Each structure stands twice: as C-alpha cells, then as structure tokens.
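Please read the structure below before turning to the comments.
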Amino acid sequence: MNSIDDFIRILRDELGLAVGTDDLRRSLDDVNGWDSVHLLALVTVLERITGTRVSLPDALEATSLEHLYTVVSGRRPSPAP
C-alpha cells in the first residue's frame, strides 16, 4: 500500500465498501456500510498486504478512514480544505 488511492482500493476490493475520497474525512459512523467488524477485517487485510503489524489500540481510536490510513501508513493526514 503506497498511497491513499491504494487504501481506498483495499476498502473497495477486500471489504466490499463503496467508498471514495469524499468518504475519507467522514466520521466512521457516517460511512455507508461501515461497522466495527470492518475495522477488524481491515486491520487483518492490511497486516497481510503490508507485512507490518497494525496497532489495534491506535486503529480503535481512529474516527475516520483518513485517520485509519495514517495509523497504518504512518503518514500525517492532509490539511483540511
């Protein structure tokens, strides 16, 4: 996973979520189809794909998909528009 676009592709292809860039900053509660099971599945998929352990406590604190991306990638979120 090298970019936010890769992350979105994983959400779509691996989890079956119909998300786009406009969903990244939404609260997880507002992402269509998202539930807590998706978080666990996503962590598992990302660990498999990246070969890197994902901090579950950090992932559980994430409030948006963008925040989850920063947990996994170690990248800072982009500034708000």
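Averaging the sequence gap over all C-alpha pairs within less than 8 Å and six or more residues apart, then dividing by the number of residues, gives segment 7-61 a relative contact order of 24 percent. Using equal-weight Cα scatterers in the Debye expression, the normalised intensity of the chain in log10 at q = 0.11, 0.15 Å⁻¹ is -0.23, -0.45.
Applied to segment 16-32, the Karplus parametrisation 6.51 cos²θ - 1.76 cosθ + 1.60 on θ = phi - 60° returns per-residue 3J(HN,Hα) values of x, 8, 8, 10, x, 4, 5, 8, 4, 9, 5, 4, 4, 5, 9, 7, 4 Hz, with x for Gly and Pro. Counted residue by residue at 0.36 nm each, then reduced by the alpha carbon distance between them, the extension gain from Leu40 to Ala18 reaches 6.2 nm. Backbone amide hydrogens, once placed in the peptide plane, bring Ser64 within less than 5 Å of Leu28, excluding anything fewer than 5 places away on its chain.
About its Cα centre, the chain has a charge dipole of approximately 240 debye under the convention of +1 per Lys or Arg Cβ and -1 per Asp or Glu Cβ, with nothing else charged. With label points built 7 Å along Cα→Cβ from the Cα atoms of Arg26 and Thr50, find their separation and express it in nm. Inter-label distance under the simple model: 2.3 nm.
Rule-based calculations on the coordinates, nothing more; no lab input. Note that this is a predicted model, so its numbers are computed, not measured. Cβ: placed from backbone, ideal geometry, glycine included. Neighbour counts: every protein chain shown.
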